[in-house]
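So the structure is just underneath, and the comments pick up after that.
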Amino acid sequence: MFLRWQQWNRRARFVLWIIALLGVAAAMPLGAVRMEMEKSSKQVEYVFDYRDIVDVSERQARPQGFLTEKLAMLKESGITTMAVYESSLKELQLSGRLTFYSSRDAALLQNKFEQADQNFTYILFNGPEEEKMIGPIVRQALDRSEAVYSSWSYGGRNGMVVEMPIAEAIMKTMDFDPMSLQTIQDAGFRILPRFSDRVKPYDQAETEAVLAKLKAYGVNRVLFDGDKVKGASDQAMDNSLYQFGELLKKYDMGVAAIENLKKPQEGINKLAYITNYNVVRLYSLSENDGMTMTSDAIGDRFLLAAKDRNIRMFFMNGTTQSNTDKAKVVHNLDRLAEAMSEKNGIVEKLSKAGFVTGTAKAFDYEQPSWNKPVRAIVAAGAIALIALLVGAFIPGVYNPVFVIGLFGSAGMYKLNSSVMEQGLALGAAIAAPTLALVWVMNRIYSRTVGDRRVVGGGDWTVGRSKQSPTPQQPGAVYENGNKMKWLFPALSTGRRFGLALNWFIVATLISLMAVPIVFGLLNNITYNLVLEQFRGVSLLHLAPIALVAVYVLLYNSQMSVGRLRALLSKPITLTWIILAGVIGIIGYYYLSRTGNSGQVSSVELVIRHFLESTFGVRPRFKEFLLAHPLLLLGLFLSLRYRAAWLLIIIGSIGQLSMVDTFAHLHTPLYISLIRVLLGLGTGMVIGCILILAWQVVEGAIRKWAPAIIRKFVE
């Protein structure tokens, strides 16, 4: 019965590898569809904050002349679009549309005494045109708030008295300033309106009227101000997000999603779905960066964003600073314009890379009819990889694990398909690199200790076989009566190098099996737009290392429960505490380097810039400078030295990192592919150099060490 079970288990293992390979093959067409989609949007749009320009203008001696001059300058530099916000009394005053006063200031203006028990807001329009254009949007906002107001005039200018304190009046959100919209259009810019969700309750008719006016100015995309998209607050009660989304579709308008917010704007995902993912990603250059960064650095950042993160809109902010040395207020409008237009500046740099200036467009996204059945095959491949991983540590469970995985995934798909797909993608991403190095260790075991997959201590002598154990010696570590082997019989250098290179290539191919599984399962526009993200990155960066370490250090044909129990029963010493602390520090630093917020040194930034400018795509440091070279060196040394097996554990970082590269789903596939291939190529070259250096040093030690020791003794 046991032999039959073993026979079935071996057959199941073979079948699972076939299913995994079928899953990899099925994912390839999905990758081709994604690559075509990624080519469908190459135009980039440069947006400037119009409010910032107005604010800078107000700090000049002649605000209107300065505004006109800088708009022309920014247009000439390559800025294509101006972002405008919904208005407020404060913004309208800065724009020169009106002036508002408190009751006290209004009394002083009229040479009157302030009326007792009155704290109203007095508004005067700056001229007949302002009264005609701005008056309606002010009254509309006041009516919405059910505020009491009446007509008022002074000095030949008309206005109104609002029975509301200034502190409250300036908080009222008003429609977009039509005079600013006209100024922007006359200057030759497109308009990007920034809606907020501060107008409550949501009013469909009022919103449609605003969108109709904006459409007349040629608006084709909207951006949101604040932490919510328009309509998000009233969604539960009025289904307002759906209503707003339908209006956007009616007027053929898309949305812009801001990158790297601490928290995504509430409702953006649902609105993207309603608008059929008519979404482009927007990168915002902060005011401080716009003031302090060099033109070249800004250009490199924009190019990297367009190329690696599918950014198609770039938002720039104007700002001022008080310069005490010059005794004047300085601004960054001129330096940003120069950064845009200078030779090899932002516009030229992105154009050379294929990102021409124009209107940002959403990706052409359409799921093929065969998408679902093909992804089902990919899911089966992922389950097969996970079952193979479990079976590598727990013999005889391939069949039940695979069957449980199939039924469990089917049930989870009904409950939440996204969670199911992400779970399988994460499982496959962990399984493949781990299986690759398990396969490597099995090859090493077979050529060194045979079936005795053990680890221990002792001297550097070749141990005896299981059949002829030596008498146990004090201080030595034994397994089944045999002293541990730390030094294995030597193979020729050429043979060891050939095996190491072959194993490295095969292990890499096994690890890369997870790549099509990941992008096949997560083949959805939401990941490209970062509306959804691959979850479990930290687990992906730790689990394969831990599993490989367990396999290298503890695996013994089957897990030795006795050995593990003996290890756990040992007293905790200061050495163990220090070792745990060191491992914790290394692990923390390692995790701090992962993800988009990973910390890097200034030296590394210089090297990154060099690699980016030289190759066009930057390979990952931890792959080509650390993990790949050490894995190749470890494979070469492992056939001679047991201690070199620890390098296999370190080398697992490179294998999992390759998979993680493709888990950055907002990065175009071809960029990830080039990055991984560059890392492999350079890593193998460095690994070969390390092997050569080891041979030279080892030869020198063997030649000179005995003489040095004799001389020291004498």
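So here's what we get for this one:
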| quantity | calculated |
| --- | --- |
| Residues of the stretch 102-117 that turn out to be in contact (Cβ under 8 Å) with a residue 24 or more places away in the chain, surrounded by 14 or more Cβ atoms within 10 Å (Cβ to Cβ) and not aliphatic (A, V, I, L, M), as a count | 1 |
| Hits in the stretch 276-301 - residues which are more than 21 Å from residue 56 (Cα to Cα) and within 22 Å of the chain's Cα centre (by Cα) | 277, 278, 279, 280, 281, 282, 283, 297, 298, 299, 300, 301 |
| Selected residue (only one of 397, 390, 403 is surrounded by fewer than 14 Cβ atoms within 10 Å (Cβ to Cβ), farther than 23 Å from residue 527 by Cα and not aromatic (Phe, Trp, Tyr)) | 403 |
| Hits in the stretch 269-310 (condition: of a type in the set (Val, Ile, Thr) and either at positive phi or surrounded by 22 or more Cβ atoms within 10 Å (Cβ to Cβ) (or both)) | 279, 280, 298 |
| Test: residue in the stretch 197-206 that is of a type in the set (Lys, Arg), closer than 30 Å to residue 133 by Cα, in a loop (DSSP other than H, G, I, E, B) and touching a residue at least 24 places away in the same chain (Cβ under 8 Å) | yes |
| Elements of type strands (runs of 3 or more DSSP E) contained in the stretch 262-370, each with 1 or more residues being aliphatic (A, V, I, L, M) and in the same structural domain as residue 51 (by TED's automatic domain parsing) | 279-285, 311-316, 328-331 |
| The stretch 344-376, subset of a type in the set (A, V, I, L, M) and surrounded by fewer than 17 Cβ atoms within 10 Å (Cβ to Cβ), residue farthest from residue 12 (Cα to Cα) | 356 |
| Any chance residue 93 is assigned to a helix (DSSP H, G or I), without any contact (Cβ under 8 Å) to a residue 60 or more places away in the chain, under 27 Å from residue 154 (Cα atoms) and touching a helix residue (DSSP H, G or I) at 6+ places or on another chain (Cβ under 8 Å) | no |
| Output for the stretch 158-167, where each listed residue is surrounded by fewer than 17 Cβ atoms within 10 Å (Cβ to Cβ) and touching a residue at least 24 places away in the same chain (Cβ under 8 Å) | 158, 163, 165 |
| Within the stretch 54-67, tally of residues that are crowded, with 16+ Cβ neighbours inside 10 Å and either more than 13 Å from residue 330 (Cα to Cα) or of a type in the set (S, T, N, Q) (or both) | 6 |
| Filter pass, residue 360 being among the small types (Gly, Ala, Ser) and under 19 Å from residue 189 (Cβ atoms) | yes |
| Any hit, the stretch 41-57, residues being under 28 Å from residue 224 (Cα atoms), out of contact with any helix residue (DSSP H, G or I) (no Cβ under 9 Å at 6 or more places or on another chain) and either part of a helix (DSSP H, G or I) or without any contact (Cβ under 8 Å) to a residue 40 or more places away in the chain (or both) | no |
| Residue, surrounded by the fewest Cβ atoms within 10 Å (Cβ to Cβ), within the stretch 168-206, restricted to residues that are more than 15 Å from residue 91 (Cα to Cα) and of a type in the set (D, E, K, R) | 186 |
| Out of 273, 283, sole residue that is among the aromatic types (Phe, Trp, Tyr) and within 19 Å of residue 311 (Cβ to Cβ) | 283 |
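The values are calculated or read from the model by the stated rules, or taken from the named source; none is laboratory data. For clarity, every value in this text was computed on a predicted model and none was experimentally measured. Ideal geometry is used to build each Cβ from the backbone, glycine not excepted, and the neighbour counts take in all protein chains shown.
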